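> Dropping the structure in here first, questions after.
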Amino acid sequence: MEALNTYKAEKTLAEQMNERLAELKMTKAEAALKMNYSRSALSQYLNGKYGSDPTELEKKIVEFLEASGGIVEGRGQENIQAGAGILKKKVEFFESRDFVQTIGVCQACQEYMGLGIIVGKSGQGKTHALKKYAELPRVAYIECDDTMACRDLVEAIENGIGLPKGYGGTIWSRVNRIREFFNTNEGFLLIIDEADKLINKYTQKKMEILRGIFDQSNVGIVIAGEPRLETELKGNLARFANTMDFYYKKRRYCRMATKSVITKIRRKKMAEASHTTGTVAKITHIALGSGGVNADGTVIVPLAENVALKKEVVRKPYTSSTKTSDTSYEYTIKLEEDELVGTFISEMALIDEDGDVVAFSNFLAKGKDETEVTFTIEDNY
């Protein structure tokens, strides 16, 4: 059994973390992403330059050290032998590729004081990821709506960063005060969600306010919205788009296609049909499962003798079928955005009207996220 690393109390937590990162050959940026914490904050702490309250960050570091196979001693916590399987990481949500990319844009904009644009349709997880990132220190999250005026936007930003409301002041004076705040409190990220709702055919003044804050402040800004935002940025707001540093467009759709192995049951039915009955049971369903790979992630070769999936998770009527040649058809099943989120799918089967498996296919595990996905399997003779 691999020896567990022990972190001694006489070393600072920063020293322990730096040592562990060196052992894992992991960068600070990679560690921050796994910890779901600001990369700049972690870097400052590990370099001895962190000026804020480190309590929450130190808690995250301790959790990281324990989860990565180490033991933290002398910090008021029990020793946990992660290598023996006692420690189990609590999974609070499924980290899809879109989630990770969104978090990455936020981290980059906060660290480099950049301007980031995130575009995706409603229901694709933008707000979920942005609100999750907004739980970190020095992040202000603003959710916009169609009724917002310029003063409302400015007030929302003031509230988000903890400034008192500027009653009686002009919009310019209040925006200038926001700029001064960011210039004297570096390291902040301002997230503007549903930003497409700030734009209408009569004015883009609210977007100009954001551009003015970004151009004259030491602050990172992430602007997120539906595809209309992208259209406006390319057209009427080209000046704004020209200052963009990071851009991410969320996926809407993913397709998985794979070849299959015809089962002996199917071949037997075909032989009997050609000799006696003249009919073959129709294909009606597709089943998906999570048992198509070994423990190390390699694909298990499907056998014609198989009669069921190893770990079936869903069975549904196929969505569509397409003739691909004189001797083959493709059958497709669609999983909606909210179906089986967090499930890793690695096997698929065609099912006939008798409930028998017609064809099998195993493939590398595909993690189902909040994206609509179609799985396609071929029935080939």
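> Across region 243-283, which residue is farthest from Glu226 (Cα to Cα) among those that are of a type in the set (A, V, I, L, M) and modelled with pLDDT under 70? Even if it seems obvious, please write down each step before you answer.
Taking region 243-283 and keeping what is of a type in the set (A, V, I, L, M), we get 244, 256-257, 261-262, 265, 270-271, 273, 280-281, 283.
When the remaining residues are screened for being modelled with pLDDT under 70, the result is 244, 256-257.
Details: Met244: 17, Met256: 26, Ala257: 29 Å.
Selected residue: Ala257.
> Further question: Just give me the residues in region 342-362 being closer than 21 Å to Pro317 by Cβ and either in contact with a helix residue (DSSP H, G or I) (Cβ under 9 Å, 6 or more places away or on another chain) or not in a strand (DSSP E or B) (or both), in sequence order. Quick ask: steps written out before the conclusion?
Taking region 342-362 as the starting set, the residues that turn out to be closer than 21 Å to Pro317 by Cβ are 343, 345, 347-361.
Correct list: Thr343, Leu350, Asp352, Glu353, Asp354, Gly355, Asp356, Val357, Val358, Ala359.
> Go through Lys334, Lys366, Lys310 for me and flag whichever is within 21 Å of Thr263 (Cα to Cα), basic (Lys, Arg) and surrounded by 14 or more Cβ atoms within 10 Å (Cβ to Cβ).
On the way: Lys334 fails: within 21 Å of Thr263 (Cα to Cα); Lys366 fails: within 21 Å of Thr263 (Cα to Cα).
Only one candidate passes the filter, namely Lys310.
> Output the number of the condition that Ala365 fails; it satisfies all remaining conditions of (1) closer than 23 Å to Val100 by Cα; (2) in a loop (DSSP other than H, G, I, E, B).
(2)
> Looking only at region 295-322, count every residue that is in a strand (DSSP E or B) and at pLDDT 85 or above and tell me the total.
Of region 295-322, the ones in a strand (DSSP E or B) are 299, 312-317, 320-322.
From what is left, the residues that are at pLDDT 85 or above are 312-317, 320-322.
Residues in region 295-322 being in a strand (DSSP E or B) and at pLDDT 85 or above: 9 in total.
Residues checked against (1) buried (at least 21 other Cβ atoms within 10 Å of the Cβ); (2) modelled with pLDDT under 90:
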residue: Ile191; (1), (2): yes, no
residue: Ile199; (1), (2): yes, yes
residue: Gln204; (1), (2): no, yes
residue: Met207; (1), (2): yes, yes
residue: Arg211; (1), (2): no, yes
residue: Gly220; (1), (2): yes, no
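The values are calculated or read from the model by the stated rules, or taken from the named source; none is laboratory data. Nothing here was measured: the structure is a model prediction, and the numbers come from that model. For neighbour counting, all protein chains shown are included, and Cβ atoms are generated from backbone atoms with ideal geometry for every residue, glycine included.
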